[in-house]
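Please read the structure below before turning to the comments.
We did not get these values from a lab; they are worked out from the coordinates using the rules stated. In this text the structure is predicted, and so the values were computed from the model without any measurement. Note: ideal-geometry Cβ built from the backbone for every residue, glycine included; neighbour counts use all protein chains shown.
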Amino acid sequence: MPGRNLVTCLLASAAMSIAGVAGTIQTRTLAITHIGVVDVAAGRIVTNSTVTIAGDTISSVDQNGAPPAGAQVVDGQGKFLIPGLWDMHAHVQVNEKGWLPLYIANGVTGIRDMGADLDFILDIRQATASGRVLGPRIVAAGPILDDAPGDWPFRIRVRTPDEGRAAVQLLKRRGIDLIKVHNFTPRDVFFAIVDEARRQQIPVAGHVPLKVTIPEGVDAGMVTIEHMSEGGRVWKACSGGDQYRPDACRPFFERLAHRRVWQTPTLVALSELAVIGTPASAISRDQLAYASKAFLEMHAANQGFFVKQPEIVDIMKNLADVAKVVTRDMAAAGVGILAGCDAMIAGFCVHDELAAMVAAGMTPQAALQTATINPARYLGREMTLGTIAVGKSADLVLLDGNPFEDIANVRRIRAVVSAGRFLDRAALDRLLVQAKAAALRKTLGDFPRKSRVRFRLEQGVSIPPTS
């Protein structure tokens, strides 16, 4: 079986090359000198700076400063330093642990996981936080609370208000960071969930349930709305129909901004759901080489459905095109935008999402904020995340180009610092080898069958379940 022999060799090579990286804490002071520090808030570059890291924390940021004696020095001449990126709509369990290195290799040092089995995500969150596994910081929603069909994954089914309250109490007790609701959360259960979450001091995010209006979801206290809810309910509500009306929607967008209701538009996922893996897709073969069998099966099943109903492909394309314009207009109205990927290739998709925002008319600075300072503000962690300053967590990405000049420069990663761990380009390349080998292993068929359930839950198109 040459295929299995090949994957065995690849996995052995990856394991040898990356051995010890996950547990390697920066014990020696690290100084990045002559670097251009990217101030994502002010939109400026602080040139010729020295950034010093002690343990997992930034200990100094000095323009024209010298490195401390005995420090490990990284020459950043001609390079640019940005805060670590965040994917604010991830689903780790879709590909289990195999994609965790992809986040770090792409400069994504934090994620918000928006649906997973409870024990699974709590274990992964602890593993990356402790350094036992190399991966991003994880903010976790845990199981989604709704009354979807029984074969839909990552859920706790709640049919009554009492069940909804009990589920919130359970998730709070287990240490989950937020509660996620979805399309099929019953109306009375939704309001009970939001009320109990307020009592438990835990935020509620997700889709506005189908039996709840968008204004009702906002007034109830949802903190983020994903995918513009069903791919367009947010702007259809203020437009009064399927045709987007910017002037009619601006007051509602200003209301969202005033209420601090964040939006995670997942533009690339909206564009790609119907076409990924086909000639119409913009996702490269290089990215798809990291896809597991479960991921490929999921999207192949989606395409099988779309072939039977080709009109949905056009509907999805139109929704994606409008969503880009709406995202730009929301940002202009002051709505907080968060970069999120949903069911796309981990890490790489954050760069694709930022590129889509800029293509829609947002500035590179505004797009970069959606993956750096905006997540920090949303999470209430501005004191430790989102910008490069003394006392903040040492989550940093060293770039070969200025991201304010071209958002594509965020892809030109020279090194990553993740919770104080320094990984140069060679180490990042080894992470990519590891992730590709893991994907190949999954492609050969050892992925848990329950995770092969198609990821139809997210993008607002009802698709029949598959085996």
Packing-ranked peptide list from 255-261, 266-272, 241-247, highest mean Cβ count within 10 angstrom first, is 266-272, 255-261, 241-247
How much of the DSSP bridge set in the chain is antiparallel, in percent, rounded to the nearest 5?
50 percent
Hey, which aspartates and glutamates would be in cross-link range of K97, C-alpha to C-alpha under 17 Å, not counting anything within fewer than 8 residues on its own chain?
D87, D113, D117, D119, D123, D342, D446
Looking at segment 94-198, which trypsin sites (Lys or Arg not before Pro) are DSSP coil and have at most 13 other C-beta atoms within 10 Å of their C-beta?
R132, R159
Listed with the fewest Cβ neighbours within 10 Å leading, D406, D62, D286 appear as D286, D406, D62
Take the cross-link list K211/K392; K236/K392; K172/K211; K79/K172; K180/K324; K236/K436 and give me the ones stretching past 31 Å between alpha-carbons.
K211/K392; K236/K392; K79/K172; K236/K436
Relative contact order (percent) for the chain, with alpha-carbon contacts under 8 angstrom and 6 or more residues of separation?
21 percent
For the ranges 70-76, 228-234, what's the packing order if you count other beta-carbon atoms within 10 Å of each residue, average per peptide, and put the highest first?
228-234, 70-76
If you bin the C-alpha pair distances of segment 103-228 every 5 Å from 0, what whole percents do you get?
2, 12, 22, 23, 18, 11, 8, 4, 1
Note on the chain: the mean projected area of its alpha-carbon convex hull, in nm², is 21.3 nm²
Taking the Cα centre of each part, how many Å lie between segment 392-444 and segment 136-183?
32 Å
Most exposed first, judged by fewest Cβ atoms within 10 angstrom, M316, M222, M88, M383 run M383, M316, M222, M88
Local charge sum around R173 (other residues, Cβ-Cβ under 15 Å, Lys/Arg +1, Asp/Glu -1)?
+1
